[in-house]
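*Asks:* Structure in structure tokens, see below.
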Amino acid sequence: MVSPLSLSKKVCVIGAGPSGLVAARELRKEGHDVVVLEQRYDVGGQWLYEPNVESEDPLGKKKVLQVHSSIYASLRLISPREIMGFTDFPFLVKKGRDTRRFPGHRELWLYLKDFCEHFGLREMIRFNTSVEYVRMLEYDEIGKDLKWMVKSREKSSEETAVEEVFDAVVVATGHYSHPRLPTIKGMDTWKRKQMHSHVYRVPEPFRNEVVVVVGNSLSGQDISMELVEVAKEVHLSAKSLNITEGLSKVISKHENLHLHPQIETLQEDGRVVFVDGSWLIADTILHCTGYSYTFPFLDTKGIVAVDDDRVGPLYEHTFPPALAPSLSFVGIPRKIIGFPFFEAQAKWIAQLLSGKRTLPSREEMMHSIEEFYRSRDAAAIPKHYTHDIGEFEYCDRYGDHVGFPHLEEWRKQLCLSALVNADANLEAYRDSWEDHELLQEALQSPHFTQLLGAEDLTF
């Protein structure tokens, strides 16, 4: 529903990564008074590379982590740059920078800095400020004129924490920081080195080692291909031995790269025993097993909880029905084209807070959530994949809530083309592709020509 009313709210955005930046922009555009709290010294969130990880627990088991970014030095985008940008700020090639279609992580960080500067967002951001506690102020009826107390502390300051009251809080803290670990018999008593990929940065420390990489994710494959150049042996342990053509080519190319099923047990003498009975003695186990959602600062009196990576209940992965729209989350969904989706979320939140739009009733939102959970259960999708979307149609339907344009066909096709190419040519897909016609269609689209002529955009 759309209303002509427009209200200005005092809003706290937690995090200045991609989702927090676009949330801040949309909130300010809608007339709200916005404060962004960012724990690090600059924008970028996950994309602000942290080379020094010595202070972090190798398995990331602490409730509050010292290191936010999980990016390793050699990481390159898995999607082509053309599909990555926000709708009105394309991810253009810039002279003197990384001009590759699948650039390194620093180029995306620079894009986010450009976005921040272009829209003048920095003035809203308090850097080096950690959020310690967020709680609801007591009201007779939860959800009605709700306000939030946000306690934050500037890292370099000896001062006591600052407490402020806000009309709304937008949580935009990302979901690639807190390691998700497997449960393996003997894991807690295995005496050799174990770590999560959260703290992996470069391959050199693993020179001449026997390394077991747990998890056949994109990061597991990437890191295995990097380790194979320095390690004595790399053993990739996967849930399924039914692997892609691309990974099969890589394994056949390297004599010191081996595929195994899941680990059954870890033994104190250093043995790693797999479920098929085979075993080896390893120096290091590197868990590339993904990340969990965690909001250690957020106290909703149990209304919002994380259960096996299901953050809920959330209407459309964004709004807790009992607290919406004064509490919202941007950037929870995975397996989507992220930046346009975050933009749609941000617009919806901003317009709900200004009164231009309204949500369904609390009962209707809860019913929608329950139906969604039932559909996932019926499809036998594990709970920890609740927020893995993996369909363009959902993103388009989501945009309809706020009149946000559907994903362009070229954007969808370029995304699919990259996925297919990666499956077939894991080592080379970032530098060798056959989607030239789609690329030209993209570069001649209004998305790119809105800022400059298409003739300047050839690759």
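The values are calculated or read from the model by the stated rules, or taken from the named source; none is laboratory data. Predicted model only: the values in this text are computed from it and were never measured. Neighbour counts are summed over all protein chains in view; Cβ atoms, including those assigned to glycine, are modelled from backbone coordinates with ideal geometry. SASA here: full protein model, heavy atoms, side chains in, ligands and nucleic acids out. Shrake-Rupley method; radii C 1.70, N 1.55, O 1.52, S 1.80 Å.
*Asks:* What number of residues in region 227-240 are touching a strand residue (DSSP E or B) at 6+ places or on another chain (Cβ under 8 Å) and open to solvent by 80 Å² or more (accessible area, probe 1.4 Å)?
*Replies:* So the count comes out to 1.
*Asks:* Go through region 327-344 and report how many residues are over 18 Å from residue 168 (Cα atoms), more than 10 Å from the chain's Cα centre (by Cα) and either aromatic (Phe, Trp, Tyr) or in a strand (DSSP E or B) (or both).
*Replies:* Qualifying residue count, region 327-344: 2.
*Asks:* State all residues of region 117-132 that are outside any helix (DSSP H, G or I), in contact (Cβ under 8 Å) with a residue 40 or more places away in the chain and more than 17 Å from residue 162 (Cα to Cα); if no residue qualifies, say none.
*Replies:* Matches in region 117-132: 119, 121.
*Asks:* If I ask for residues that are over 27 Å from residue 216 (Cβ atoms) and assigned to a strand (DSSP E or B), which ones from region 260-313 would you list?
*Replies:* Selection gives 298, 299, 305, 312.
*Asks:* Taking the criterion of being assigned to a loop (DSSP other than H, G, I, E, B), more than 18 Å from the chain's Cα centre (by Cα) and more than 26 Å from residue 134 (Cα to Cα), would at least one residue in region 60-67 satisfy it?
*Replies:* Among the residues of region 60-67, not one is assigned to a loop (DSSP other than H, G, I, E, B), more than 18 Å from the chain's Cα centre (by Cα) and more than 26 Å from residue 134 (Cα to Cα), which makes the answer no.
*Asks:* Within region 202-241, restricting attention to residues that are among the hydroxyl-bearing types (Ser, Thr, Tyr) and within 17 Å of residue 181 (Cα to Cα), which residue is modelled with the lowest pLDDT?
*Replies:* 217
*Asks:* Let me ask something else. Which of the residues spanning region 228-242 are more than 14 Å from residue 427 (Cβ to Cβ) and not acidic (Asp, Glu)?
*Replies:* Result: 230, 231, 232, 234, 235, 236, 237, 238, 239, 240, 241, 242.
*Asks:* Could I ask something else about it? I'd like to verify a number: residues in region 155-203 that are within 30 Å of residue 326 (Cβ to Cβ), under 25 Å from the mean Cα position of the chain (by Cα) and not basic (Lys, Arg), how many?
*Replies:* Final tally of qualifying residues: 11.
*Asks:* Something else now. Given 420, 402, which one is in contact with a helix residue (DSSP H, G or I) (Cβ under 8 Å, 6 or more places away or on another chain), β-branched (Val, Ile, Thr) and without any contact (Cβ under 8 Å) to a residue 60 or more places away in the chain?
*Replies:* 402
*Asks:* Residues in region 152-172 that are free of Cβ contacts under 8 Å to residues at least 12 places away in the same chain and open to solvent by 40 Å² or more (accessible area, probe 1.4 Å): how many?
*Replies:* Number of matching residues: 4.
*Asks:* Can I ask one more? Under the condition of being open to solvent by less than 30 Å² (accessible area, probe 1.4 Å) and not in a helix (DSSP H, G or I), which residue from region 440-459 is modelled with the highest pLDDT?
*Replies:* Once the filter is applied, the top-ranked residue is 445.
*Asks:* While we're looking at this one, here's another question. Is it true that residue 269 is among the acidic types (Asp, Glu) and touching a helix residue (DSSP H, G or I) at 6+ places or on another chain (Cβ under 9 Å)?
*Replies:* So residue 269 fails the test.
Conditions tested, residue by residue: (1) in the same structural domain as residue 362 (by the TED database); (2) open to solvent by less than 10 Å² (accessible area, probe 1.4 Å); (3) part of a helix (DSSP H, G or I).
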position: 79; (1), (2), (3): no, no, no
position: 82; (1), (2), (3): no, yes, yes
position: 95; (1), (2), (3): no, no, no
position: 100; (1), (2), (3): no, no, no
position: 108; (1), (2), (3): no, yes, yes
position: 111; (1), (2), (3): no, yes, yes
position: 115; (1), (2), (3): no, yes, yes
position: 134; (1), (2), (3): yes, yes, no
position: 150; (1), (2), (3): yes, yes, no
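*Asks:* Looking at (1) under 20 Å from the mean Cα position of the chain (by Cα); (2) surrounded by 15 or more Cβ atoms within 10 Å (Cβ to Cβ), find the lone condition where residue 390 falls short.
*Replies:* For residue 390, the failing item is (2).
*Asks:* So, one more: Looking only at region 373-389, which residues are of a type in the set (A, V, I, L, M) and within 18 Å of residue 316 (Cβ to Cβ)?
*Replies:* Applying the first criterion (of a type in the set (A, V, I, L, M)) to region 373-389 yields 378-381, 389.
The answer is 381, 389.
One line per residue, one yes/no per condition, for (1) in a strand (DSSP E or B); (2) open to solvent by less than 20 Å² (accessible area, probe 1.4 Å); (3) under 17 Å from residue 71 (Cβ atoms):
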residue	(1), (2), (3)
174	no, no, yes
182	no, no, no
211	yes, yes, no
219	no, no, yes
225	no, no, yes
242	no, no, no
246	no, yes, no
249	no, no, no
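*Asks:* How about region 30-77: which of its residues are surrounded by fewer than 16 Cβ atoms within 10 Å (Cβ to Cβ), of a type in the set (A, V, I, L, M, F, W, C) and either closer than 20 Å to residue 154 by Cα or assigned by the TED database to the domain that holds residue 340 (or both)?
*Replies:* 64
*Asks:* Condition test on residue 207, is it farther than 23 Å from residue 69 by Cα, touching a Gly at 6+ places or on another chain (Cβ under 9 Å) and open to solvent by 40 Å² or more (accessible area, probe 1.4 Å)?
*Replies:* Numbers: farther than 23 Å from residue 69 by Cα: yes; touching a Gly at 6+ places or on another chain (Cβ under 9 Å): no; open to solvent by 40 Å² or more (accessible area, probe 1.4 Å): yes.
Here the answer is no, as residue 207 does not meet what is asked.
*Asks:* Taking into account only those residues within region 318-330 that are open to solvent by less than 10 Å² (accessible area, probe 1.4 Å) and in contact (Cβ under 8 Å) with a residue 24 or more places away in the chain, which is farthest from residue 363 (Cα to Cα)?
*Replies:* 330
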